[in-house]
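Only the coordinates and a few stated rules stand behind these numbers; no lab work does. Everything numeric here is computed off the predicted structure, so don't read it as measured data. Don't worry about glycine lacking a Cβ; one is built from the backbone with ideal geometry, like all the others, and counts go over all protein chains shown.
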């Protein structure tokens, strides 16, 4: 049988362990539950301002056009330029555009708003998901076709995109490969 003092110390230890465990769970749970699969290409989270549409045309690596004519700019990411007439085509811009086209063109997508509705060019700002749940914004960054590029106030996924970019860089995918751009524009 434990002495009263030993039982008291043991009880405090158990309570502290539980509190630390709860703190860790709360702190790290959102990233843990958003990942699925080895490559973490899918994310599931509460929906806000959800809309389904068909992506009829890919404009470049981070912008699409919907069947109703609306243009959508992916939130939190920035693909190298490939079509802006005021700028030169950036390294890996054509590849990013082609990858985005293969990923979404002609497919039904789910659009989810972060904070802002539109950018200064009138494009919808959205997170884009395929019907099978693949998170397009994240896949572009994780596979090295776009940079993590959060702009306030739309920063709810900043850490998630930074982690995906770090993974692409570490594994030298896409624009992070030495024989492509090595991360430079």
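At a Förster distance of 25 Å, what's the computed FRET efficiency of residue 162 paired with residue 120, Cβ-Cβ distance as r, to 0.05?
Working: r = 24 Å, r/R0 = 0.95.
The computed FRET efficiency comes out at 0.55.
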TODO: Would you mind computing, in nm to one decimal, how far apart the modelled labels at residue 94 and residue 70 are, each placed 7 Å from Cα along Cα→Cβ?
DONE: 3.3
- [ ] Kindly list the residues of region 82-114 that lie in the label zone of residue 56, defined by a backbone N under 15 Å from the point 7 Å along the Cα-to-C-beta vector.
- [x] 105-109
Task: Cα centroid of region 123-169 to Cα centroid of region 51-67, whole Å - done: 16
Open item on the list: Along the Cα→Cβ direction, 7 angstrom out, place labels at residue 171 and residue 107. What is the inter-label distance in nm?
Closed with: 1.7
